[in-house]
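The values are calculated or read from the model by the stated rules, or taken from the named source; none is laboratory data. Quick caveat, the model's predicted, so the values are computed rather than measured. Here Cβ is always computed from backbone atoms with ideal geometry, including for glycine, and neighbour counts include all displayed protein chains. When the accessible area is computed, the model is the full protein with side chains, heavy atoms only, and any ligands, DNA or RNA have been set aside. Shrake-Rupley method; radii C 1.70, N 1.55, O 1.52, S 1.80 Å.
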Amino acid sequence: MVKSEIVIDQHYKGYNPVQFGSESCEAGHFFGPSVRSHWLLHYVVHGFGVFVRDGVSREVKPGDIFVIPPYKETYYEADRKKPWRYIWIGFTTADEEASAPLQKAIIHCPAAGKVFEDMLRCGKLENGRSAFLTAKIWELLSILLEEGEASAGYIEKALSYMNAEYINGITVQQVAEMLNLNRSYFSELFREQMGVPPQTYLINLRLEKAAELLTVYGETPATAGVSVGYPDIYHFSKIFKRHFGLSPRQYQQLYRGGGIRKNEISKGT
């Protein structure tokens, strides 16, 4: 069921609301491909769906905001088993800096849920509806800015911790606990900012350090393995070969024979 409110365009500077509403979608309900002339944010209260922007299809879950910028083609479709309910707000802004927190296609921000739910109260207002929604957009953007800074800080700390402690066999769970974050939430933040899951990053870090020890410093496979957090030589050899395509010993020999240069160590062969 769709419920939308009439929003009079007051041409406010900064953020100027032009539409607002909510919908509990039927299974498979879709919209687009289409292009909007203004910004449009959908906050998913519950349920799931798919959002396509820039030719990339992304799964959307509760707590996500999917972002539709002006004049960018998008498509979205509700899940067929657990269709979503979302609340949307559309607005214009002439200030490029004002749209800076909205560059991602999907922003995971459960804290924004309360703001969107509060926006529903605009239906009880007449003369103050546009002003009320403008205030809520500013409140929403303040939350997104805070969340963005916190996320960047978390990842910076995580990278420092991984680089300092990989030798001790740390796990992703331990990194998340160090940051006082739920592991799944931490993994999501890490993937968004680094492009790979934290587990993949940690494995790659260890193996590239191991390759450097084997080649540049001439350490044995056993010593290299222990030095990067893999005390079991058999496990180390297996995961090293899966990554580089060669066993640690073969990789070392290829380097000594000139088959691998120093600037290629981190890339494998």
Cβ pairs under 9 Å, 6+ apart, first in the range 99-110 and open to solvent by less than 10 Å² (accessible area, probe 1.4 Å), second assigned to a helix (DSSP H, G or I) and hydrophobic (A, V, I, L, M, F, W, C): 102/141; 102/144; 109/140; 109/143; 109/144
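Looking only at the range 86-97, decide whether some residue is open to solvent by 20 Å² or more (accessible area, probe 1.4 Å), within 23 Å of residue 133 (Cβ to Cβ), in contact with a strand residue (DSSP E or B) (Cβ under 7 Å, 6 or more places away or on another chain) and part of a strand (DSSP E or B). Even if it seems obvious, please write down each step before you answer.
Pass one, the range 86-97, residues open to solvent by 20 Å² or more (accessible area, probe 1.4 Å): 88, 92-97.
Add one more test, that the residue is within 23 Å of residue 133 (Cβ to Cβ), and what stays is 88, 92-97.
Subset that is in contact with a strand residue (DSSP E or B) (Cβ under 7 Å, 6 or more places away or on another chain): 88, 92-93.
With part of a strand (DSSP E or B) added as a condition, the list becomes 88, 92.
There is at least one residue in the range 86-97 that is open to solvent by 20 Å² or more (accessible area, probe 1.4 Å), within 23 Å of residue 133 (Cβ to Cβ), in contact with a strand residue (DSSP E or B) (Cβ under 7 Å, 6 or more places away or on another chain) and part of a strand (DSSP E or B).
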Conditions (1) exposed (fewer than 13 other Cβ atoms within 10 Å of the Cβ); (2) under 23 Å from residue 123 (Cα atoms); (3) in contact (Cβ under 8 Å) with a residue 40 or more places away in the chain: number failed by residue 11: (3)
Failed criterion for residue 121 (all others in (1) loosely packed, with under 14 Cβ neighbours inside 10 Å; (2) closer than 30 Å to residue 236 by Cβ; (3) among the basic types (Lys, Arg) hold): (2)
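Report whether or not residue 157 is farther than 30 Å from residue 48 by Cα, touching a residue at least 12 places away in the same chain (Cβ under 8 Å), open to solvent by 40 Å² or more (accessible area, probe 1.4 Å) and not aromatic (Phe, Trp, Tyr). It would help to see each step written out before you state the result.
Values: farther than 30 Å from residue 48 by Cα: yes; touching a residue at least 12 places away in the same chain (Cβ under 8 Å): yes; open to solvent by 40 Å² or more (accessible area, probe 1.4 Å): yes; not aromatic (Phe, Trp, Tyr): yes.
It is true that residue 157 is farther than 30 Å from residue 48 by Cα, touching a residue at least 12 places away in the same chain (Cβ under 8 Å), open to solvent by 40 Å² or more (accessible area, probe 1.4 Å) and not aromatic (Phe, Trp, Tyr).
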Matching option when the condition is open to solvent by less than 20 Å² (accessible area, probe 1.4 Å) and either of a type in the set (A, V, I, L, M) or at pLDDT 95 or above (or both), among 145, 214: 214
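Output the residue which, of all residues in the range 44-60 that are touching a residue at least 24 places away in the same chain (Cβ under 8 Å) and open to solvent by 20 Å² or more (accessible area, probe 1.4 Å), is nearest to residue 21 (Cα to Cα). Quick ask: steps written out before the conclusion?
From the range 44-60, those touching a residue at least 24 places away in the same chain (Cβ under 8 Å) are 44-54, 56, 58, 60; that's our starting set.
In the following step, the residues that additionally are open to solvent by 20 Å² or more (accessible area, probe 1.4 Å) were identified as 45-46, 48, 50, 52, 54, 56, 58.
On the way: 45: 13, 46: 15, 48: 18, 50: 19, 52: 21, 54: 25, 56: 26, 58: 23 Å.
By that ranking, first place goes to 45.
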Answer residue from the range 185-201, given it is over 19 Å from residue 153 (Cβ atoms) and part of a helix (DSSP H, G or I) and is least open to solvent (accessible area, probe 1.4 Å) among those: 200
